[in-house]
1. Connecting C-alpha atoms closer than 10 Å in a GNM of the chain, tell me which of 55, 43, 20 has the biggest fluctuation.
2. Using a Gaussian network for the chain with springs between C-alpha atoms less than 10 Å apart, which of these wobbles most: 56, 18, 26?
3. Calculate for the chain the 222 nm mean residue ellipticity that helices alone would give, adding -39,500 (n - 2.57) per DSSP H run of length 4 or more and normalising by residue count, nearest 500 deg cm²/dmol.
4. Report, in degrees rounded to the nearest 10, the 0 to 90 angle that the Cα long axis of helix 50-69 makes with the longest principal axis of the chain.
5. Would you kindly state how much longer the chain becomes between residue 23 and residue 35 on full extension, computed as 0.36 nm times their sequence separation minus their alpha carbon distance, in nm to one decimal?
6. Between residue 2 and residue 55, what is the label-point separation in nm under the 7 Å Cα-to-beta-carbon projection?
7. Could you give the distance between the Cα centres of region 54-74 and region 1-40, to the whole Å?
8. Using a Förster distance of 22 angstrom, determine the FRET efficiency expected from the C-beta separation of residue 74 and residue 9, and round it to 0.05.
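No lab work stands behind these numbers, since they all come straight from the coordinates. These numbers come from a predicted model, not from an experiment. Backbone-built Cβ (ideal geometry, glycine too); neighbour counts: all protein chains shown.
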């Protein structure tokens with residue numbers, strides 16, 4: 001499944017992809033791919049400090065999607 005989620009507040013878009021992999025019969029688990037891509041289309045001068053602000057906004061947007069899409073128990077598996 002793939003979702004395209006615009007965020008007009010920060011002029012960005014997220015593409016969230018979820019896919020199941022074949023079941024691991026030995027360990028009795030179903031591997032899941034959960035990919036979050038965030039981006040914006042803008043032009044800035046190379047030395048513009050606005051680039052760092054935009055990157056921070058994109059990181060926060062990505063984290064918001066991740067933490068609202070997973071449970072505490074699921075996040076424990078990443079540690």
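1. Comparing 55, 43, 20 in a Gaussian network model of the chain, the most mobile one is 43.
2. Result: 26 has the largest fluctuation of those listed.
3. -10000 deg cm²/dmol
4. 30 degrees
5. On the way: separation 12, 0.36 × 12 = 4.32 nm, distance 1.88 nm.
Stretched out fully, the residue 23 to residue 35 stretch lengthens by 2.4 nm.
6. Here the modelled spin labels are 2.7 nm apart.
7. Value for the Cα centre distance between the two parts: 12 Å.
8. Values: r = 27 Å, r/R0 = 1.21.
The pair residue 74/residue 9 has a calculated efficiency of 0.25.
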